[in-house]
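The block underneath contains the structure these notes are about, expressed in structure tokens.
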Amino acid sequence: MKKKLTVLLTLAGILGTTAAVGAEDVVEKVTGYLQKDVKVLVNGQDSALTPVYIDGKAYIPVRDAATKLGYTVNYDAANQEIELDEAADLMRASGVIVSVQSKSDGNTRIELLGSTWVILNVDKTTSIKNLDGKSLTAADLKAGTQIDVEFGPVMAMSYPGQSQAVNINVQADRAVKEDTIKEVKHTDNGWQVQLGDNLILNGGKETRVMSSQGESLKWEDLKAGTKVKAYYGPFETKSLPPQSPVFLLVVQAQPIAGTPKMSPEAAQEYRDLAWAQVKEQASHITTKQDEAVVQIVSSTEVGVLPSTDEQKKLLADVQAANGAVVTVTYNTDQDELLGPLTAVFDFNTKAFIGFNVRK
């Protein structure tokens, strides 16, 4: 929303003294005085603005006042108008880029995991700078890059949310390693995790432990045998094995022990069951009915949203038993915005539980 203020007596002050010469018909010289003992409050806080009194009326500088009120100021010389634009209410996040994708329109899609989980579009309007203030490009962003970002003001209603990156400040480039935890222990300085035989990671208060779907986890949730992706560094000790500070640990999906492989006939049965659930959206589906991807996964690893009380109870029972579910996934012409369409079924009863939240 834009608000406009037409310039009248303030024209000389906007354009400068020389610009007002010969413009006596639109410019009038006035005399005023600063009232330094008067405070101008914005939302109850002292704004440090000093009003000027002219003929008993108080005036304050347009640009300074607009900034305090959350507006940006643009001057339209042709129409002699000051345009006050409401400042965008941007959201902020910090974390690590976990994936980067070049899009067909020349823009870049990044997935950020940290203080929040969000998909961001980076285009030529996005300001990207390093700690020294040097301008960077989207080509400098990669998996493992730690950033602070301002984005918005609009967020797509998807999971995770999707938005436009406005300002990106690159903090560091973290090394990335995916491995299985060999040992976890609590130390005087925090936590220590050994990955395989090759690396020891030291975590402190600044370290985040999360699932790949943006859920915060506790250090106590980690144990030997857990598969994780670590974002660490940027330095390592020269000890054997080397040690390094870890910024983010992402717990990866765990295989289900003892779950049998699915036969082609069983997979096709699930495809048929799933098609009955998605046929109303068939106009958007780009995957052929008999080519949908069928997988057996842990019930704790799906982001399914049951829509009925019966489905909610079924999901709770399956998860309480640490059971398995079957997912049937279709690609659609809306994937770039919403992600694929995935139907979820109970592995034991083949009952439909719901759809995964599209991301």
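Once you have the Kirkwood Rh of the range 209-359 from its Cα pairs, apply Stokes-Einstein at 4 °C and 1.567 mPa s and quote D in µm²/s.
74
Heads up, I need the accessible area for residue 191: 1.4 angstrom probe, whole protein in place, Å², nearest 10.
Looks like 50 Å² after rounding.
Aspartates and glutamates within cross-link reach of residue 313: Cα-Cα under 19 Å, excluding same-chain residues under 8 positions apart?
Qualifying aspartates and glutamates at Cα under 19 Å: 301, 346.
If you average 1/r across every pair of different Cα atoms in the range 158-278 and take the reciprocal, what Kirkwood value do you get, in Å? Display every interim value, and only then the final one.
Working: mean 1/r = 0.0584 Å⁻¹.
Over the range 158-278, the inverse of the mean reciprocal pair distance is 17.1 Å.
Suppose accessible area is computed on protein heavy atoms with a 1.4 Å probe; arrange 127, 163, 216 from highest to lowest.
Highest to lowest solvent-accessible surface, that is 216, 127, 163.
Just report the Cα centroid separation between the range 207-223 and the range 110-149, whole Å.
23
Quick one: net charge around residue 98, please, counting Lys, Arg +1 and Asp, Glu -1 for every other residue with C-beta under 9 Å from its C-beta.
0
Show the residues, 5+ positions off or on another chain, whose built amide H is closer than 5 Å to the amide H of residue 172.
When sequence neighbours closer than 5 places are left aside, the close amide H contacts are 146.
Summing Lys, Arg as +1 and Asp, Glu as -1, what charge do residues with Cβ under 14 Å from the Cβ of residue 232 carry, residue 232 excluded?
Charge balance near residue 232 sits at -1.
What ranking of 305, 120 comes out by heavy-atom accessible area, probe 1.4 Å, highest first?
The ranking, largest first, comes out as 305, 120.
Which order do the peptides 238-245, 128-135 take when ranked by the mean count of other beta-carbon atoms within 10 Å per residue, highest first? Spell out each step's value before the answer.
Working: 238-245: 13.1, 128-135: 11.0.
Ranked from most to least packed, the peptides come out as 238-245, 128-135.
State which entries of 229/288; 288/350; 129/229 exceed 28 angstrom in Cα-Cα distance in the structure shown.
Violating the 28 Å limit, Cα to Cα: 229/288.
Output wanted: per-residue J couplings in Hz (rounded whole) for the range 135-141, from phi through Karplus 6.51 cos²θ - 1.76 cosθ + 1.60, θ = phi - 60°, x for Gly and Pro.
Per residue, the Karplus-derived 3J(HN,Hα) values read 6, 10, 10, 4, 5, 7, 8 Hz.
Give, as a single signed number, the net charge of other residues whose beta carbon lies under 10 Å from the beta carbon of residue 244, with Lys and Arg counted +1 and Asp and Glu -1.
Net charge in that neighbourhood comes out at +1.
For a quick check: with amide H placed at 1.01 Å from N, whose amide H comes under 5 Å from residue 59's, ignoring anything fewer than 5 positions away on the same chain?
52, 53, 54
For the range 234-347, with only Lys/Arg (+1) and Asp/Glu (-1) charged at the beta-carbon, what is the dipole magnitude about the Cα centre, in debye rounded to 20?
Roughly 400 debye for the range 234-347.
The values are calculated or read from the model by the stated rules, or taken from the named source; none is laboratory data. Predicted model only: the values in this text are computed from it and were never measured. In this analysis, Cβ positions are derived from the backbone assuming ideal geometry, glycine residues included, and neighbour counts consider all displayed protein chains. Accessible surface is based on the protein model in full, side chains and every heavy atom, while ligands, DNA and RNA are left aside. Shrake-Rupley method; radii C 1.70, N 1.55, O 1.52, S 1.80 Å.
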